[in-house]
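The values are calculated or read from the model by the stated rules, or taken from the named source; none is laboratory data. Keep in mind it's a predicted model, so treat the numbers as computed, not measured. Cβ coordinates were reconstructed from backbone atoms using ideal geometry, including for glycine residues, and neighbour counts include every protein chain displayed.
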Amino acid sequence: MQSRAMTLSLTESQVAELLEWDALIEEMEKAMIAFSAGEVTQPARVLHEVKPHGGYFGPMPAVSKDAMGIKLVNFYPGNAGTGIPTHLALIVLCKPETGEPMAIIEGELITEMRTAAVSAVATRPLAGPDAKVLAILGTGTQAGSHVQALRHVRDFTEVRVWGRTPDKAKTFAKEHGCNAMDAEDAVRGADVVVTATSSQTPVLQGA
């Protein structure tokens, strides 16, 4: 009987050492093209409420001729401020030819970077090659990831940030080399605008 290869296990710290923005952006562009061409089976995400704990469980499978896997996402808003992330993820990759499990990967960082990488893919054709001013609305994890990712596809000379909490916006600006300002000033004249906020009310008003 043929022995099965050992399943690889990667922690967040190992993912951080291996995952690079330029390579990720290129791979996400290929994945989006394959999905649009009907080469990937990826059902719409369904969130299952976890009663009575106030959480949500979202299995996210995808299959192509070259890859097969699932990301298991847990969203627990009540974790905010406890030291436990509100979003938790685990990725399982399998060999499409045989179904054998290949890897189990902690998925928080992958989720964080993948989301911003998709925005970077969209920015390349949608923003002019001379785009110089980036406005970020939000100061959370996705805001930071978007600053990093978009700097890989455009040479921004100015990055502006707005946040609902001014002190957080100032801290974010210091950490990421941005200018903190109010929302209207941030977007006025900006070449690229990213809304990376979970606000339940509009932060951008019509012209």
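Structural remarks
- In region 34-44, the condition of being surrounded by fewer than 17 Cβ atoms within 10 Å (Cβ to Cβ), closer than 20 Å to S198 by Cα and among the aromatic types (F, W, Y) is met by no residue.
- Where F75 falls short, out of the listed (1) assigned by TED's automatic domain parsing to the domain that holds G54; (2) on the phi > 0 side of the Ramachandran plot; (3) not basic (K, R): (2)
Residues are listed down the side, and each one gets a yes or a no for (1) modelled with pLDDT under 95; (2) in a strand (DSSP E or B); (3) farther than 27 Å from I70 by Cβ:
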site	(1), (2), (3)
A122	no, no, no
A131	no, no, yes
I136	no, yes, yes
S145	no, no, no
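- Looking only at residues of region 155-207 that are more than 20 Å from the chain's Cα centre (by Cα) and among the hydroxyl-bearing types (S, T, Y), we find that the one that is surrounded by the fewest Cβ atoms within 10 Å (Cβ to Cβ) is T201.
- Residue count, region 46-58 (criterion: out of contact with any Lys or Arg (no Cβ under 8 Å at 6 or more places or on another chain) and either in contact (Cβ under 8 Å) with a residue 24 or more places away in the chain or assigned to a strand (DSSP E or B) (or both)): 9
- Just so you know, in region 120-140 the residues that are in contact with a Ser or Thr (Cβ under 9 Å, 6 or more places away or on another chain) and of a type outside the set (A, V, I, L, M, F, W, C) include one that is surrounded by the most Cβ atoms within 10 Å (Cβ to Cβ), and it is T139.
- Considering residues of region 10-39 that are assigned to a helix (DSSP H, G or I) and among the acidic types (D, E) only, the residue farthest from P101 (Cα to Cα): D22
- For region 62-102, residues that are surrounded by 15 or more Cβ atoms within 10 Å (Cβ to Cβ), of a type in the set (D, E, K, R) and in contact (Cβ under 8 Å) with a residue 60 or more places away in the chain total 0.
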